[in-house]
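Scroll down for the structure; my scribbles are underneath it.
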Amino acid sequence: MWYSHRVASIYDFTVQSIRHQPVSLADHRGKVLLIANTASLCGFTPQYAGLQALYDRFRDQGFEVLAFPCDQFGHQEPGDDEQIASFCSTRFSATFPIFEKVDVNGSHAAPLFEYLKAAAPGLLGSRSIKWNFTKFLIARDGHVVRRFAPSTSPDKLAGPLEQLLAEPRTGQSMSTPSAPGSFDALERMSRG
C-alpha cells in the first residue's frame, strides 16, 4: 500500500490539480465531498452532467465534487490533462475541481484511492475499482461514508447528500460510530 495506516482522514492527502498544482485536501475540511474517478470516452461519461447538477444544487451548503480522470479502463481517458480540462468545461460546463489523471488500481495507484478503497470496499469486499465513475461519499469530518458503483447515477445521491449536509459543520458525523443510528439510517435510505 502506498499510504500510511496512520492516515486519519482524506485531509491528510495532497493531490495535483489538472493544472499540476499541489492541492491539500485539508482545504476541503468541513465539506461533504463526492470523489469520483472519471473518463471522457466512457458510457458513463454523461454522469459529468449529473455531477455538475449535484454541485450546482448543493455547493452553497458545503458540498464539493472532486473528479480524478483515469485511463485504466478500456483506454477511455486517452487525452492529456489540458484536453481533459477542455472537454469537461466545453462539453459539460464542469465547474467543480478536476484533478490530474491518476491510476486507481495497481502498483501505481494514487495513495488517495488506495485509502478510499480500503475505507469503503466494493461488492463482496473487493478493494479494486471495477470501472470509471466509481464514487466515494465523504462526510464533513473527512471520513469515507460509502462507495457507489459506476452504474449509480449522480441523481440517486441527492438523498444521502442531503442527510450528510444536514449535519452540523462541527461535531459528529454519520460515519462516527458514536452517532447512534445515523449511519444505519443512511444505509437504509440508500438501499431504497
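If you go through the stretch 5-47 and keep only what is among the hydrophobic types (A, V, I, L, M, F, W, C), at pLDDT 95 or above, within 12 Å of Gly142 (Cβ to Cβ) and part of a loop (DSSP other than H, G, I, E, B), you end up with just Phe13. Scan the stretch 150-170 for residues that are touching a strand residue (DSSP E or B) at 6+ places or on another chain (Cβ under 8 Å) and among the aliphatic types (A, V, I, L, M) and the total you get is 4. Within the stretch 78-112, the set of residues being hydrophobic (A, V, I, L, M, F, W, C), within 21 Å of Leu51 (Cβ to Cβ) and not in a helix (DSSP H, G or I) comprises Ala94, Phe96, Ile98, Phe99, Val102, Val104, Ala110.
For the stretch 113-170, filtered to residues that are part of a loop (DSSP other than H, G, I, E, B) and of a type in the set (Val, Ile, Thr), the residue that is farthest from Gly62 (Cα to Cα) is Ile129.
On the stretch given as the stretch 48-77, residues that are farther than 16 Å from Lys101 by Cα, part of a helix (DSSP H, G or I) and not aliphatic (A, V, I, L, M) total 9.
The values are calculated or read from the model by the stated rules, or taken from the named source; none is laboratory data. This is a predicted model, so every value here is computed, not measured. Please note: Cβ atoms are built from the backbone with ideal geometry, for glycine as well, and neighbour counts cover all protein chains shown.
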